[in-house]
Amino acid sequence: ASQNTTAETVVIVTQQATPSFTAPPVCQGEATLFSGLATGSNVAIYGWDFDDGEFGSGQNVSHTYAEAGTYQVTLVVTAEDGSCPGEITQNVTVNAMPQPTATAQPNLVIYNGTATLTGDAGISGSTFTYHWTPEDKVTDPYSQTTQTVPLTSSQAYTVTITSIDGGCTSTEQIVVNMEGSNMTATAAAEPNEICEDGSTTLHAYPINGTGNYTYNWTPTNLLNNAS
């Protein structure tokens, strides 16, 4: 004769973890916060692979990319015992950081002189904005190339260069040096009273400036040496 019996057991079904993550615009050489999210039961472990040989753990992690490019970032989440893992891989674009230079032509001006300032992002393939400060010392603070106002002292300028793609920002400073000071001059005749058809000697007395003076007397037709 045959025998039949029954038995029962409990099977616990744990919801599969489903991860996602966000990251703000990523700039080369700057720390960026990656924020992980996950649905599922008892999700406790977050593991990151940043695709540049570096790894991280935790729901929110900070990472810095040394080189620009596109990286496949992977987030794996599991329960505390490692069960019911979930994985997601997303492309993350790391934007190049500007490598700025600034030039002034000339970089040495005389009193009340001007110079032309030019900024260069140092990399290609992107569009950039430019901002010169102090704004009141240039004619166009938002142009890549701008003219200084007439200078009465040496002046330091800072250009901030920002990439349109990713908003990566770098700054560079340059100094326009000034030579000399405000120049004035007086003139005298010796003697200062002469007869008709007589002659006198004219003297020029410049003050300040650079000390390198040239002279130009007028009217030239009445002088034996107008310079």
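What follows is calculated from the coordinates using simple rules that are stated; it is not laboratory data. A quick note: this is a predicted structure, and the numbers were derived from the prediction, not measured. Note that we place each Cβ from the backbone using ideal geometry, even for glycine, and neighbour counts take in every protein chain shown.
Details
- Backbone N atoms of the range 206-227 closer than 15 Å to the 7 Å Cα→Cβ label point of residue 187 belong to residues 206-207, 214-227.
- Efficiency of FRET between residue 218 and residue 156 - r from beta-carbon atoms, R0 41 angstrom, step 0.05: 0.55
- The chain - percent relative contact order, Cα under 8 Å, separation 6 or more: 14
- Couplings 3J(HN,Hα) of the range 149-160, computed from phi: 6, x, 9, 10, 7, 4, 9, 8, 10, 10, 10, 9 Hz, in residue order, whole Hz [Karplus 6.51 cos²θ - 1.76 cosθ + 1.60, θ = phi - 60°; x for Gly and Pro].
- Proximal charge balance of residue 72 [Cβ under 9 Å; K/R count +1, D/E count -1]: -2
- With contacts taken as Cα pairs under 8 Å at a separation of at least 6 residues, the range 89-141 carries a relative contact order of 29 percent.
- Cysteines without a disulfide-compatible partner [the chain; Cβ-Cβ under 4.7 Å]: 84, 195
- Residue among 22, 186, 129 with the largest mean-square fluctuation in a Gaussian network model of the chain, springs linking Cα atoms under 10 Å: 186
- Choice from 48, 217, 132 showing the highest fluctuation, given a GNM over the chain with Cα pairs closer than 10 Å: 217
- Pairwise FRET efficiency - residue 60 versus residue 105, Cβ, R0 = 45 Å, nearest 0.05: 0.40
- Within the listed set 116, 200, 93, the Gaussian network model of the chain (springs between alpha-carbon atoms below 10 Å) gives the highest mean-square fluctuation for 200.
- Extension gain from residue 70 to residue 142, taking 0.36 nm per residue of separation minus the Cα-Cα distance: 22.9 nm
- Between the entries (1) -0.59; (2) -0.79; (3) -0.51, the label attached to log10 I(q)/I(0) by the Debye sum over Cα atoms at q = 0.11 Å⁻¹ calculated for this structure is (2).
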